[in-house]
Amino acid sequence: MHDLRHSFASDALEMGADLTMIGRMLGHSDIKTTARYAHLKRENVRLSTNLVSEKISAALLGGGK
């Protein structure tokens, strides 16, 4: 059961749900409890970093806000 909840929280986080929403879905009353289940996966961090870098690069080149 624990593994299923952990996978659920990790997958929800990857799909864009924030910790508050995940905590509500799991029935947690304390965000600290949710944080134990929700881990960012490396690929998700890498993709987000690339998106931010591209936006900054475009802004520096005059092509974005």
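A few comments on the model shown:
- Residue pairs whose Cβ atoms lie under 7 Å apart, sitting 6 or more positions apart in sequence or on different chains, and linking a residue in segment 18-33 that is on the phi < 0 side of the Ramachandran plot and open to solvent by 80 Å² or more (accessible area, probe 1.4 Å) to a partner that is hydroxyl-bearing (S, T, Y) and assigned to a helix (DSSP H, G or I), are I31/T20.
- Evaluation of E54 against the conditions (1) part of a loop (DSSP other than H, G, I, E, B); (2) at pLDDT 85 or above shows that the sole unmet condition is (1).
The values are calculated or read from the model by the stated rules, or taken from the named source; none is laboratory data. Since this is a predicted model, take the numbers as computed values, not measurements. Neighbour counts are summed over all protein chains in view; Cβ atoms, including those assigned to glycine, are modelled from backbone coordinates with ideal geometry. Keep in mind that these areas ignore ligands, DNA and RNA; they rest on the heavy atoms of the full protein, side chains included. Shrake-Rupley method; radii C 1.70, N 1.55, O 1.52, S 1.80 Å.
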